[in-house]
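The values are calculated or read from the model by the stated rules, or taken from the named source; none is laboratory data. Keep in mind that what you see is a predicted model, and the values were worked out from it rather than measured. Positions of Cβ are generated from backbone atoms using ideal geometry, with glycine treated the same way; all protein chains shown enter the neighbour counts. In case anyone asks, the SASA skips ligands and DNA or RNA and just uses the protein heavy atoms, side chains included. Shrake-Rupley method; radii C 1.70, N 1.55, O 1.52, S 1.80 Å.
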Amino acid sequence: MRIKWQNMSVDYKNSKLVIESGILKEGRVSWKSPSNIALIKYWGKHGVQLPRNASISFTLQNAFTETIMEYNSQKNKSVNIDLEFYFEGKSNPAFAEKIKKYFLSISDIFPFVKQLHFTIRSHNSFPHSSGIASSASSMSALSLCLCSLESQIFGTLKNDEEFRKKASYISRLGSGSASRSIYEKIAIWGHFGEIETTSDLYAIPYYEKIHEIFHTYHDDIFIISQGEKAVSSSAGHALMEDNLYASPRYQQAYQRMHHLLIAMEQGDIERFGTIVENEALTLHALMMTSSPSYILMKPNTLEMINRIRQFRKESQQPVYFTLDAGPNIHLLYPDHIYDKIQPFIQNQLVPLCENGYYIPDKVGLGPLELE
Ligand code: PMV
């Protein structure tokens, strides 16, 4: 039997992060943070945002959120969290409420969130309605801003490793997958027995041991439907609790992580692609076998999958797909075949997209502090 070793010692609760009275603090922090695409999926959670299995992802480059956080002394003393939120330049009270709840939930880690007035402005590089999960980029951008704010006010978190670990931990509390966006290229979140430094509490960077072919991998996102998802990710995670296949699924995720890491270390793109496609279809199979059952794929999702497989067979080019918790297709391929597959993308895939919309993306360098 595998003994599950857990690094549960990290505790960021800190009653010292309180601004002394009379010292007016004001300032501004700003981060650009990317989305990521999971190769082994996190699906099913427990406790406070803890994953049922370890996941690994590519950090993306072109799908990102930019967040500016301005702060000064609290204006409205009668509220716990005092903030205004602007999304794409417009006041957004619904998002503001979500962020207030999130700030309240982490106020034992950052007590100063109850002492300040915040004006937060956020902008995505992709349309909000594009069906692209923005929680990873938006929650990681917000968490990075909070850590920068801590650093600015209290002079803490000066070491980059320490800073990112905390930012990943805080991101996880907002959205599990966001914990992985903190790191460039490739990240693992969740305890995986074969890698001691992995943890359920935060992600770790993991590109150094991975073959360089994956450091510049492409992940083009084809928008099959821009509609709002019928079942949210949090509802989907919750449905895993009573899913008959949950337990074998978590064992399978472990096995797949083992084999995927070998393929990625060796630069074996065929083995990599096979595992990643199976993993995407498993995610959707878990949705179909939940109770109530649901399907997020659309007819054009299946059509695109068939075309990708057919093209791969005929052309012998190593193009594979993955899916998020939605209908859109992510096309994965190495940089050296970029030119060869553009005609296939333009002629066969783009016509299946809603309004012909797709986002060419690739493995990226991680979040960037702005200004
Ligand atoms: O981070 P959440 O709670 O939105 O869940 C993300 C789940 C998947 O995107 C389907 C998989 C993953 O690991 O990112």
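Structure values in brief
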| quantity | calculated |
| --- | --- |
| Tail weight of P(r) past 21 Å, computed on alpha-carbon pairs of segment 65-149, percent | 24 |
| ³J(HN,Hα), Karplus 6.51/-1.76/1.60, whole Hz, each residue of segment 328-340, x for Gly, Pro | 7, 9, 9, 9, 9, 7, x, 4, 6, 9, 3, 5, 5 |
| Shape category assigned to segment 25-371 from the gyration tensor of Cα positions, a/c cut at 1.5 | prolate |
| Euclidean distance of C-alpha centroids, segment 286-353 and segment 39-97, integer Å | 29 |
| Using alpha-carbon coordinates, inclination of helix 269-288 to the longest axis of the chain, degrees | 70 |
| For LYS362, residues with placed amide H under 5 Å, excluding near neighbours | GLN61, ASN62, ASP219 |
| Eligible aspartates and glutamates near LYS75 by straight Cα distance, threshold 14 Å, same-chain separation 8 or greater | GLU26, GLU84 |
| Computed [θ] at 222 nm, helices only, for the chain once each DSSP H run of length n ≥ 4 contributes -39500 (n - 2.57) | -10500 deg cm²/dmol |
| Karplus-derived HN-Hα couplings along segment 49-54 (A = 6.51, B = -1.76, C = 1.60, θ = phi - 60°), whole Hz, x at Gly and Pro | 6, 9, x, 7, 8, 6 |
| Accessible carbon and sulfur surface of segment 25-371 relative to its total accessible area, %, 1.4 Å | 50 |
| Cα centre as origin, Lys/Arg/Asp/Glu Cβ charges: segment 25-371 dipole, Debye | 680 |
| Local electrostatic count, VAL113, Cβ distance below 13 Å [Lys/Arg +1, Asp/Glu -1] | +1 |
| Approximate spin-label separation ARG121-GLU194, in nm, with each point projected 7 Å along Cα-to-Cβ | 4.7 |
| Prolate/oblate/rounded call for segment 214-298, Cα gyration tensor, a/c under 1.5 rounded | oblate |
| Volume per residue of the C-alpha convex hull in segment 262-371, rounded to whole Å³ | 170 |
| Probe 1.4 Å, protein heavy atoms only - accessible area per residue of the chain in square angstrom | 44 |
| ³J(HN,Hα), Karplus 6.51/-1.76/1.60, whole Hz, each residue of segment 70-83, x for Gly, Pro | 9, 9, 8, 5, 4, 8, 9, 6, 7, 10, 5, 10, 10, 8 |
